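For reference, the structure discussed in these notes is given below.
The values are calculated or read from the model by the stated rules, or taken from the named source; none is laboratory data. Worth saying up front: this structure is predicted, and the values here are computed from it rather than measured. Reconstructed Cβ throughout: ideal geometry from the backbone, glycine too, with neighbour counts over all protein chains shown.
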Amino acid sequence: TSRYISRPILDAIWFVRNIASGRLKHRTLRVGSTRELRELGTALDDMRRQVQTHIGQITLEKSRLESVLTSITEAILVTDQSGRILMGNQTFEKLFGVSGATEGRMPIELVRHRDVQNAIDQTLKTGQAIFLDLIRSDDRERHFDVQIAPILQNDHIAGSVTIFYDITELRRLERIRKDFVANVSHELRLKDVHPRWQTVP
């Protein structure tokens, strides 16, 4: 009898371990003919189906999120509550020259700017949004307005999202405007001084 009982129990243990490791597409568990063992088998099989459905929903939501992130022109980086990267969109990967998988890595490994890493850490700690300026000088100088915001789930900080807005063109136009104003002011001062020289006897 002990042998008869132990075999179904071992099968049940194997079944649960498969679920825990993500191997969900195996046959329905059959653990024996006694009522208790049949109920155990039914409960475990129901659990497998629920886990499989839940994973399918998560996979679908992740796919939808990735599609949304791909369509956004700004570089976006998403981390979990521990600060490790969950995903970055194609613009982010292109901007920072990322090759290979990003998931599970720390932002500093890819962004290589301590201020950005510190801001993400601070947001994850306090739940407060942070704004900062970032200048990258690779092939050319580029300016970014960086915004880090917490991801809240049931009033708990579940992660962070960082958006890099490229404001290089805006900065260039600001410099042109300042240079123009400075040149005009200089010309006006010269015109004001020149007539005075002419009136000196």
Practice prompt. Name the one entry in R49, R30 that is out of contact with any Ser or Thr (no Cβ under 8 Å at 6 or more places or on another chain), at pLDDT 75 or above and of a type in the set (K, R).
Written response: R49
Discussion item. Six or more apart or on different chains, Cβ atoms under 7 Å: show the pairs whose first residue is in the range 128-144 and modelled with pLDDT under 90 and whose second is loosely packed, with under 13 Cβ neighbours inside 10 Å and charged (D, E, K, R).
Written reply: I135/E141
Item to complete: State all residues of the range 147-172 that are surrounded by fewer than 11 Cβ atoms within 10 Å (Cβ to Cβ) and within 25 Å of T73 (Cβ to Cβ); if no residue qualifies, say none.
Response: E169
Worksheet entry | Segments classed as strands (runs of 3 or more DSSP E), wholly inside the range 49-163, with at least 3 members that are charged (D, E, K, R) | 141-153
Worksheet item: Quick one: what pairs do we get from the range 44-60, first residue assigned by TED's automatic domain parsing to the domain that holds D11, second outside any helix (DSSP H, G or I) and surrounded by fewer than 12 Cβ atoms within 10 Å (Cβ to Cβ), C-beta under 6 Å, 6+ apart or different chains?
Response: D45/T28
Discussion item. Which of the numbered conditions does S67 fail, given that it passes all the others? Conditions: (1) at pLDDT 70 or above; (2) of a type in the set (G, A, S); (3) closer than 30 Å to D121 by Cβ.
Written reply: (1)
Item to complete: Exactly one condition in (1) touching a Pro at 6+ places or on another chain (Cβ under 8 Å); (2) surrounded by fewer than 17 Cβ atoms within 10 Å (Cβ to Cβ) is not met by L124; state its number.
Response: (2)
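One line per residue, one yes/no per condition, for (1) touching a strand residue (DSSP E or B) at 6+ places or on another chain (Cβ under 9 Å); (2) under 23 Å from L69 (Cα atoms); (3) surrounded by 14 or more Cβ atoms within 10 Å (Cβ to Cβ):
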position	(1), (2), (3)
I108	no, yes, yes
I130	yes, yes, yes
D145	yes, yes, yes
S185	no, no, no
